[in-house]
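The values are calculated or read from the model by the stated rules, or taken from the named source; none is laboratory data. Here the structure is a predicted model, which means the values were calculated and not measured. Here the Cβ positions follow ideal geometry from the backbone for every residue, glycine too, while neighbour counts run over all protein chains shown. What goes into the accessible areas is simple: the full protein's heavy atoms, side chains included, and nothing from ligands, DNA or RNA. Shrake-Rupley method; radii C 1.70, N 1.55, O 1.52, S 1.80 Å.
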Amino acid sequence: MTSNSRKDGNENQVRKHIIAFIVEDRPGVMARVTGLIRRRNFNITQISVARTQIENYTRMTFVVQGDSRTLEQAIKQLRKQVEVLKVSELKPQTSVVRELALIKVKSPDVNARNEIIQYINIFRGNIIDISPTSLICEITGDSEKIDAFLKLMNSFGVIEVARTGITALVRGSEARPKIPETPYLDYV
Amino acid sequence: MTETTGCDKKVPFMKGAKVIAESLKREKVKNIFGITGGAIMILYDALQEYEKAGELNNILCRHEQVAAHAAEGYARASGEVGVCMATSGPGATNLVTGIADAWMDSSSVVALTGQVATSLIGGDAFQEADIIGITMPIVKSSFQIRRVKDIPLIIKMAFQLARTGRPGPVLVDLPKDIQVGEDEVYFYEGELEIAGYNPNIKGHPLQIKRAAKALLEAERPLIIAGGGVTASNASPELIELVEMLGIPVVTTLMGKGTIPEDHPYCLGMVGMHGKMCANLNINKADVILAVGMRFDDRVTADLTTFLTESKIIHIDIDSAEISKNVLVDYPIVGDAKTVLRQLIEGLKTLITSSSSNSDKKTAWQKRIKEMREACDCLEEYEPVTPIKPQYIMKELQKVLDDDSIVVTGVGRNQMWAAHHLRIRKPRRFISSGGLGTMGFGFPASLGAKVAKPDSWVVDVDGDGSFLMTHQDLATSFVENIPVTVIILDDRSLGMVRQWQSLFFEKRFVETDLGTVPDFVKITEAYGLEGIRIENPSEIGPALREAKKADHTVVIDIAVDKNENVFPMVPAGGSTDQPIPCEPWPRRYKK
């Protein structure tokens, strides 16, 4: 994006950002939110979405690539959407970040299978399905851990992978973003 | 209507269409601009009862784009919400340009669209269009009503969102079965508390204090007033602040009229075709107070040379506008009227008898005054043939009164009007700023006239622009909405022609519109009065006659197509280096 040259520091550096937001659970909210981010020329690399502990409120976690000034703009634009209640950027240093991956890997013989099981144990994963020539395991962790595990599995032959995209919570006792106490308006 | 006991607002089993009509009435809607069709006729059927009672009036347009622009004109002239209505599919998509225009210029518009029945949505039914999806990036919010009992709440929300905070268009999609169906409904009173919507009205006291101090200590202060000053009715506060500190003001296109343009501190419009005195001083200021404006590229030109030396105070109700294009030093998020009042009060406590004008500030004011007078060149334009557009502005200025409303098309016509006409009150200059929509002028003038029937409404238009929506001369005739249309007729797409002339070595590609049509005959075909003028002496009398007329008059004036709009800051150039207008070097020799 264009910017006034006089005060630009290193804000133009493109990096990965985690944004978490609380939205009302209504039709079309996801389209509104992703549309806004697309308009700002951001690339969304990961999305995870699910209900919160309170009825009618959903938490979305996005990982986007961009410079911090453009990100600030995108967050301000997101906040303007009526269905978006709260938006926060979560810093990796002060948050716990997890992703789940299901990985189907070839295990043609006993030797291969045993080796894979060892790796799964080291990565504290689980085997959740097994067939004569393949198995499915689940691995949880930050994205880098899953990347590392996948790299090891490549030598056996990965058949397919399903990753959830990360979800994250800020450390400590506060809630971020916090669900506001304003009553929910009942319409669909 | 019968009311149940126990719950005084609950009405048993009302038909959806009637619930919508009743909701509109409760929002104090008086006029709707729209066209009927298969998916909205049920609502129109229910509106008839209200029309007969004189409570709601539908202005039947001839094209939905006109309905949307008319709603904008209505909203901007009145400060109330403009309402447009269309059927599903093509009716709804024809509204899109108007909705986009309202979005860019923050006009409070509610667009109601018919939709196929909920059971058919998504199945490519006849006249189905996903208007919610299509308009998503150009609305403040949008709703598709899926239950009859939700109608009062959603319509109330739509109007509240369109009207408050930073105004903007809101779309409500009305499936056919919702209009037909019946249910128990509850009508809400007062303002809704909407969890995800809390516009900040009051400015942060600490920021106000810092801004006040900066303004007071400034040696060369300058205010940029934008459309937000109009939207929040903050003109009195703006003028009070200007006079309190003696600060010169430039306005954006959208801010025209927020301070009387003959006020000694008003420098007129800034930007691409702004006044020399405005553009040449903006970068000289040491403190800029920007109110309700968004540093659009037509104002800033090249950002790397824009306001590089000044401290910037930016007041805007939309926090997303702060530091969007230009990084600012004192951001204040809040309503222009409220924040300007806070600033004035803050300044009162700071000003002491010793804080009189510094010599440097006096010199700044003197410079501004001299340059402002040098810009006052309209009287130089003589009645020559072919007619100079500036001469038309000179004649029009004489006929305008303070309450006349000038609406414009888009192109050179718009810039001549914006550059030369001195507007003295807010909401008296209505133009398509952000989107630059050709065809905006005439429909918006109809909307403005409906809002302000006692004002003379003049559409300064171009031949290209007017042709895009002129079919609604029919609406003007049938609904009896008299306006004056002045066509600056250069038989070309003049603004593009100007760019070709300046930057494309005079290769006039696709900008010549030929010799047709005959605008007099067109106008007469709609039962209205058309006049063709080629002799400049006829302009003044024709305008005075048109002002008195009780019907629409189209005055088609042949103008010199080789006359370009100057000054001009070329796109990407610096505001410091406009191509000057012809009189400037003669009139300002410093």
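Of note:
- Near-label residues of the range A:25-67 by backbone N, under 13 Å of a point 7 Å along Cα→Cβ of residue A:175: A:52-59
- Mean Cβ neighbour count within 10 Å, used as a protection proxy, ranking B:518-524, B:273-279 highest first: B:273-279, B:518-524
- Working from the Cα coordinates of the range B:389-558, the gyration tensor eigenvalues give, after taking √(5λ), semi-axes of 24, 18, 16 Å in decreasing order.
- Using the Cβ-Cβ distance between residue B:398 and residue A:26 with R0 set to 51 Å, the FRET efficiency works out to roughly 0.35.
- Note on the protein assembly as shown: Rg/Rh from Cα positions, Kirkwood definition for Rh, rounded to two decimals, is 1.03.
- Peptide B:189-197 has a mean of 5 when you count, residue by residue, the C-beta atoms of other protein chains within 10 Å of its C-beta.
- Estimated from the Cβ-Cβ distance and a Förster radius of 41 angstrom, the FRET efficiency linking residue B:521 and residue B:30 is about 0.70.
- Helix-derived mean residue ellipticity, 222 nm - over the protein assembly as shown, DSSP H n ≥ 4, -39500 (n - 2.57), to 500: -10000 deg cm²/dmol
- Paramagnetic label zone (point 7 Å from Cα along Cα-to-C-beta, residue A:158; backbone N under 12 Å) in the range A:97-130: A:101-106
- Between residue B:191 and residue B:360, residue separation times 0.36 nm minus the direct Cα-Cα distance comes to 55.9 nm.
- Taking Lys and Arg as +1 and Asp and Glu as -1, the other residues whose beta-carbon sits under 9 Å from that of residue B:482 total 0.
- In the range B:310-339, the residues that give up 50 Å² or more of accessible area when the other protein chains are added, compared with the chain on its own (1.4 Å probe), are B:320, B:324, B:327.
- Cβ-defined net charge surrounding residue B:499, 15 Å radius [Lys, Arg +1; Asp, Glu -1]: +1
- When A:102, B:378, A:71 are compared by accessible area of protein heavy atoms, the largest-first order is A:102, B:378, A:71, using a 1.4 Å probe.
- Note on residue A:45: accessible area is roughly 70 Å² with a 1.4 Å probe, heavy atoms of protein only.
- Taking all Cα-Cα distances within chain A, those exceeding 21 Å account for 59%.
- The packing ranking, built from the mean of other Cβ atoms within 10 Å per residue, places the peptides B:121-132, B:403-414, A:107-118 in the order B:403-414, B:121-132, A:107-118, highest first.
- Fraction in percent of alpha-carbon pairs per bin - 20 Å, chain B: 21, 50, 27, 3, 0
- Chain B - share of DSSP beta bridges that are antiparallel (%, nearest 5): 10
- Whichever lysines have a C-alpha closer than 25 Å to that of residue B:547, once near sequence neighbours (fewer than 8 apart) are set aside: B:256, B:388, B:394, B:398, B:425, B:449, B:452, B:521
- Gain on full stretching of the segment that runs from residue B:308 to residue B:491 - 0.36 nm per residue minus C-alpha separation: 61.7 nm
- Local charge for residue B:122 was computed over the other residues whose Cβ lies under 11 Å away, with Lys and Arg +1 and Asp and Glu -1, and equals -3.
- Projected label distance in nm at residue A:144 and residue A:124, using a 7 Å step from Cα toward the beta-carbon: 1.6
- Among the protein heavy atoms, those of residue B:280 account for about 30 Å² of accessible surface (1.4 Å probe, every chain in place).
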